[in-house]
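Asker: First the structure, which I've put down as structure tokens, then a few questions once you've had a look.
The values are calculated or read from the model by the stated rules, or taken from the named source; none is laboratory data. Just so we're clear, the structure is a prediction, and the values are computed from it rather than from any experiment. Every residue, glycine as well, gets a Cβ built from its backbone with ideal geometry; the counts of neighbours run over all protein chains shown.
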Amino acid sequence: MATAPLHTPYVCGEAAASEFADTTMVLPQVSVTAIKGGKEAEKAEAVTCLNRREIERLNIVNIKQVSEIVPNFYMPQYGSRMTSSVYVRGLGTRIDQPVVGLNIDNVPIINKDNFDFDLSDIERIEILRGPQNILYGRNTMGGLINIHTLSPFTFEGIRILAEYASHNSYKGSVGLYKRMTPRIGMALNAYATGTDGYFRNSYNNSHVGRERQWSGRWKTICRAGDSFIVENTASVSHSVQNGYPYKSVKTSQIAYNDTCFYKRLTVTDGLTFNGRINNIDISGIGSFQYINDNMTLDQDFLPQDYFTLTQKRHEWAFTADLVAKGKAGKHYNWLAGTFGYIRQTHMDAPVTFFDYGLTHLIEENANKINPQYPIRWDNRELYLGSRFTMPSSGGSLYHESTAIFGRFTATVGLRWDWERAEIRYNSDSESTYSIYRTTDKGEEIFSPAIPVNVHESGTLSKTFAQLLPKLTLSYILPSGNGNIFLSFTKGYKAGGYNTQMFSDVLQQRIMAKIGLDQRYDVKDIISYDPEKTWNYEIGTHLTLADRKLAIDAALFWIECRDQQLTMFPEGAITGRIMANAGKSRSRGAEISATYHLTPEITGNLAYGFTDARFTEFNNGRTSFNGKHVPYAPINTLFAGINYTRNFKSGFVQRISADINCRGIGKIYWDETNSISQPFYAIADASIRAWHDDISAEIWINNFTATQYATFYFVSIGNAFLQKGNGMQLGLTLRYDLPLL
């Protein structure tokens, strides 16, 4: 039996050829793609699909591991699980809201800080590139990721996984899938994973990147009738990570003295129903989401006592989506829907300066300006407190009409999107300093303590509204081997507020009270505007060579206005800011192909090229026109070959060997393009053997021990980078016991 194609062309879920159809997973009967998109929509979009067999073959348990497999899709591994930066076709940002949406078992994950968690027993992953705002709304201007976990109507039985790898990494899951009645199915899944990490902190020789994570999932599906299905998925997950492997460029050492960790608890429940009334399909998706996390870090990442940051947050959100779609004859399909959400976030984000930081960042700067009246802080810790309440809400109305005329299909869509963002802030600091002079005998005489009390509080709000159009055309080739499509779409991402700048605002207030210039205030520094794009694309889905070769290809051009960028403003010490670049453009190409050389050998290739540059961007001091957009890779590459063979006799009944290569780069790390990560490639390999319902797999990641960086930043004038993971060897055991 041959393996399923990695990238199924034309329409997700269809086999590339009849001789390989037995290896292709069937879509669950309830899926967001089926509810909103459907086959006609997928024909006119760049889509990559991974089925269960390929997901297991590539050991994928989270969306970061899909990076590079999908052309022009990059999600770097750095920082903590809260760091979920996604870059697609030159669009993306490091903080706040993403350019790519994520749906898991129909539930849209509202906050990107909750994107990075492991899932076991994934049945299917779909990655749609290009704006998906018309149907999916906020945070989908670059694309959408749909993940479907295993259904008890697809598999009934027990699944057990156990894995151990170098760096004391382990993984385990148990899943029970059972049809309680012919119409009711239930799935229970428990998962745990851990690692000691790849790096150590040379300051105290502790592990950096050590993690422990567990999760549970309960899915229930009820087929109340032939045309009505209800599905509910509830999940809870908890993770604890310590440290951040940020290496000083100057010393080539990971060395910092204060505690670094990230803890997160999430609870999600999503309910989906799908029914038919008078030949109209009516579907609904509702969810509840809760996050409680704590990020504490040594923000200077040096062995000296500069300052630390703690960000504690708890957030809840409700979403609701109602969709109706139907047909009028053979040539017209329509879809209409409404979406709404509410979200409430509470955050406490204090910054604490210690003795070394007070001396070198505040006292020395002040004493350079006024050397005749030197000052010294009385308490050798300076606490800058910041507390926020951030309610937000939004609503949308959307519609698509699809007309089919012979080989031509045209789709017109329109969405009205409305959002309101609010921030209630309360920031304060209370301290004292003294002016001193030195006598002829070298004695220091201090003045009475001078109070420095700073308080900032208030409420800011913004409302965003946007009309988003879409037009796609598709033409089925006369040969029947595929189609050609054109699309024109407007993408959109709402604006918001920068919470991480409040400690800098307080610091500037304090500096002003001791005679230094104040560079900015709250209203000028914390808000940023929406990002808008106009997207033009031409592509094709083809099956050639007696349907053994599947090809997806596309060319795109994106004009972006007010692109949201993560930057460090002039004079900033502890914060980072989301700012808007004036104009940028992104152009590129992508191709993915699957070729079945023989029934036993399958080759895969995916390549993406993106040239994303600023066309109008001046920060008041420097023009960045013509510079590459930072953090967005120019090239992505995936190439692999798989060999699978069945044996009619013997203990080993089936064997599969796989080798693949992932490439990424060049990546520019700043707006000036002065520093970058060159193109690099990582090679992985695995071999898996089956006996009855048990399989054992030996795998090795990065067996060439390629060294590369996944992140670069500057803090208080010091440059840091995070190295990529090194070589790792592991063993995975799987036991699938179907129920008779």
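Asker: Would you check which residues across the stretch 660-693 are of a type in the set (S, T, N, Q) and assigned to a strand (DSSP E or B) and list them?
Answerer: Passing the criteria: N660, S676, Q677, S686.
Asker: Another question, then. Of all residues in the stretch 366-407, which are among the β-branched types (V, I, T), farther than 27 Å from E456 by Cα and in contact with a Phe, Trp or Tyr (Cβ under 6 Å, 6 or more places away or on another chain)? Please lay out each step first, then the result.
Answerer: Going through the stretch 366-407, the residues among the β-branched types (V, I, T) turn out to be 369, 375, 389, 402, 404.
Narrowing further to those that are farther than 27 Å from E456 by Cα: 402, 404.
Scanning the stretch 366-407 gives no hits.
Asker: Please specify each residue of the stretch 79-125 satisfying the condition of being part of a strand (DSSP E or B), closer than 27 Å to F261 by Cα and polar (S, T, N, Q).
Answerer: Hit for the stretch 79-125 is T93, nothing else.
Asker: Among the residues of the stretch 628-652 satisfying the criterion of being in a strand (DSSP E or B) and of a type in the set (F, W, Y), which is surrounded by the most Cβ atoms within 10 Å (Cβ to Cβ)?
Answerer: Keep residues of the stretch 628-652 that are in a strand (DSSP E or B), which gives 628, 635-646.
If we keep only those that are of a type in the set (F, W, Y) too, we end up with 638, 643.
Working: F638: 25, Y643: 17.
Per the criteria, the residue is F638.
Asker: Is the stretch 475-483 home to any residue that is modelled with pLDDT under 95, among the small types (G, A, S) and either within 22 Å of the chain's Cα centre (by Cα) or closer than 29 Å to E422 by Cα (or both)?
Answerer: No, because not a single residue in the stretch 475-483 is modelled with pLDDT under 95, among the small types (G, A, S) and either within 22 Å of the chain's Cα centre (by Cα) or closer than 29 Å to E422 by Cα (or both).
Asker: Considering (1) outside any strand (DSSP E or B); (2) modelled with pLDDT of 95 or more, say which one W557 fails and leave the rest.
Answerer: (1)
Asker: Do we find a residue being surrounded by 18 or more Cβ atoms within 10 Å (Cβ to Cβ), among the hydroxyl-bearing types (S, T, Y), within 20 Å of the chain's Cα centre (by Cα) and modelled with pLDDT of 95 or more anywhere in the stretch 240-256?
Answerer: There is no residue in the stretch 240-256 that is surrounded by 18 or more Cβ atoms within 10 Å (Cβ to Cβ), among the hydroxyl-bearing types (S, T, Y), within 20 Å of the chain's Cα centre (by Cα) and modelled with pLDDT of 95 or more.
Asker: Also: Give me a count of the residues in the stretch 141-179 that are in a loop (DSSP other than H, G, I, E, B), over 26 Å from I698 (Cα atoms) and more than 26 Å from the chain's Cα centre (by Cα). Spell out how you get there, then give the answer.
Answerer: Looking only at the stretch 141-179, we keep the residues that are in a loop (DSSP other than H, G, I, E, B), and these are 141-142, 150-156, 166-168.
Next, from what is left, pick out any that are over 26 Å from I698 (Cα atoms): 141-142, 151-154, 156.
From the residues that got through so far, the ones that are more than 26 Å from the chain's Cα centre (by Cα) too are 152-154, 156.
Going through the stretch 141-179 one residue at a time, the tally reaches 4.
Asker: Working carefully through the options I362, I445, find the one that is among the aliphatic types (A, V, I, L, M) and surrounded by fewer than 14 Cβ atoms within 10 Å (Cβ to Cβ). Walk me through how you get there before you give the answer.
Answerer: Numbers: I362 fails: surrounded by fewer than 14 Cβ atoms within 10 Å (Cβ to Cβ).
I445 is the lone residue from the list that is among the aliphatic types (A, V, I, L, M) and surrounded by fewer than 14 Cβ atoms within 10 Å (Cβ to Cβ).
Asker: Sticking with this structure for a sec: Given the stretch 398-497, what strands (runs of 3 or more DSSP E) lie entirely inside it while holding 3 or more residues that are within 27 Å of K327 (Cα to Cα), in contact (Cβ under 8 Å) with a residue 40 or more places away in the chain and in contact with a Pro (Cβ under 9 Å, 6 or more places away or on another chain)? Spell out how you get there, then give the answer.
Answerer: Working: elements: 408-438, 444-446, 450-476, 482-493.
Per the criteria, 408-438, 482-493.
Asker: So, one more: Examine the stretch 346-367 for a residue that is outside any helix (DSSP H, G or I), acidic (D, E), more than 21 Å from N111 (Cβ to Cβ) and touching a residue at least 40 places away in the same chain (Cβ under 8 Å), and state whether such a residue exists. Give the steps one after another, and end with the answer.
Answerer: First, the residues of the stretch 346-367 that are outside any helix (DSSP H, G or I): 346-354.
From the residues that got through so far, the ones that are acidic (D, E) too are 348.
With more than 21 Å from N111 (Cβ to Cβ) added as a condition, the list becomes none.
No, the conditions are met nowhere in the stretch 346-367.
Asker: Looking for something crowded, with 18+ Cβ neighbours inside 10 Å and in contact with a Gly (Cβ under 7 Å, 6 or more places away or on another chain) - is there at least one such residue anywhere in the stretch 380-391?
Answerer: The answer is no, given that none of the residues of the stretch 380-391 is crowded, with 18+ Cβ neighbours inside 10 Å and in contact with a Gly (Cβ under 7 Å, 6 or more places away or on another chain).
Asker: Out of A657, A719, A696, report the one residue that is closer than 22 Å to Y198 by Cα and in a strand (DSSP E or B).
Answerer: On the way: A657 fails: closer than 22 Å to Y198 by Cα; A696 fails: closer than 22 Å to Y198 by Cα.
Every option except A719 fails the conditions.
Table: residues versus (1) touching a Leu at 6+ places or on another chain (Cβ under 7 Å); (2) at pLDDT below 90; (3) over 22 Å from L144 (Cβ atoms).
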residue	(1), (2), (3)
G394	no, no, no
H399	yes, no, no
V412	yes, no, no
W418	no, no, no
E456	yes, yes, yes
N498	no, yes, yes
R509	no, yes, yes
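Asker: Give me the residue from the stretch 511-532 that is assigned to a loop (DSSP other than H, G, I, E, B) and modelled with pLDDT of 85 or more and, out of that set, nearest to G620 (Cα to Cα). Break it down stepwise before answering.
Answerer: Pass one, the stretch 511-532, residues assigned to a loop (DSSP other than H, G, I, E, B): 514-521, 526, 529-530.
Subsequent filtering for residues that are modelled with pLDDT of 85 or more retains 529-530.
Numbers: D529: 18, P530: 20 Å.
This residue is D529.
Asker: Inspect the stretch 258-274 for any residue being touching a residue at least 12 places away in the same chain (Cβ under 8 Å), under 18 Å from I184 (Cβ atoms) and among the aromatic types (F, W, Y) and give the result as yes or no.
Answerer: Scanning the stretch 258-274, I find at least one residue that is touching a residue at least 12 places away in the same chain (Cβ under 8 Å), under 18 Å from I184 (Cβ atoms) and among the aromatic types (F, W, Y), so the answer is yes.
Asker: Which residues, counting only those in the stretch 316-342, are more than 16 Å from I282 (Cβ to Cβ) and part of a strand (DSSP E or B)? Break it down into steps so the answer makes sense when it comes.
Answerer: Quick first cut of the stretch 316-342, residues more than 16 Å from I282 (Cβ to Cβ) only: 316-319, 328-332, 340-342.
Scanning the stretch 316-342 gives W316, A317, F318, T319, Y332, G340, Y341, I342.
Asker: Just one of the numbered conditions (1) buried (at least 16 other Cβ atoms within 10 Å of the Cβ); (2) more than 26 Å from V86 (Cα to Cα) is not true of A709; which one?
Answerer: Unmet for A709, out of (1) buried (at least 16 other Cβ atoms within 10 Å of the Cβ); (2) more than 26 Å from V86 (Cα to Cα): (2).
Asker: Going through T220, T268 one at a time, which residue ends up being more than 17 Å from N294 (Cα to Cα), among the β-branched types (V, I, T), modelled with pLDDT of 95 or more and surrounded by 18 or more Cβ atoms within 10 Å (Cβ to Cβ)?
Answerer: Working: T220 fails: surrounded by 18 or more Cβ atoms within 10 Å (Cβ to Cβ).
The unique qualifying residue is T268.
Asker: Which one of these is at pLDDT below 95 and under 30 Å from Y595 (Cβ atoms): V652, V629? Before the answer, list the steps.
Answerer: Details: V629 fails: under 30 Å from Y595 (Cβ atoms).
On inspection, the qualifying residue turns out to be V652.
Asker: Something else now. Kindly provide the set of residues from the stretch 245-285 that are within 26 Å of V351 (Cα to Cα) and either assigned to a strand (DSSP E or B) or aromatic (F, W, Y) (or both), ordered by number.
Answerer: Of the stretch 245-285, the ones within 26 Å of V351 (Cα to Cα) are 245-251, 253-266.
Those that are within 26 Å of V351 (Cα to Cα) and either assigned to a strand (DSSP E or B) or aromatic (F, W, Y) (or both): Y246, K247, S248, Y256, F261, Y262, K263, R264, L265, T266.
Asker: Can you tell me which condition W214 does not meet? The list is (1) farther than 29 Å from A719 by Cα; (2) crowded, with 17+ Cβ neighbours inside 10 Å, and all the others hold.
Answerer: Every condition holds for W214 apart from (2).
Asker: Restricting the stretch 294-315 to residues that are charged (D, E, K, R) and assigned to a strand (DSSP E or B), which is farthest from the chain's Cα centre (by Cα)? Please lay out each step first, then the result.
Answerer: Filtering the stretch 294-315 down to residues charged (D, E, K, R) leaves 298, 300, 305, 312-313, 315.
Restricting the remaining residues to those that are assigned to a strand (DSSP E or B) gives 298, 312-313, 315.
Numbers: D298: 24, K312: 21, R313: 19, E315: 18 Å.
Top of the filtered list is D298.
Asker: Pick out the one residue from Y198, Y203, Y191 that is in contact (Cβ under 8 Å) with a residue 60 or more places away in the chain, touching a Lys or Arg at 6+ places or on another chain (Cβ under 9 Å), closer than 26 Å to D298 by Cβ and not hydrophobic (A, V, I, L, M, F, W, C).
Answerer: Step by step, each of Y198, Y203, Y191 is checked, and only Y198 is in contact (Cβ under 8 Å) with a residue 60 or more places away in the chain, touching a Lys or Arg at 6+ places or on another chain (Cβ under 9 Å), closer than 26 Å to D298 by Cβ and not hydrophobic (A, V, I, L, M, F, W, C).
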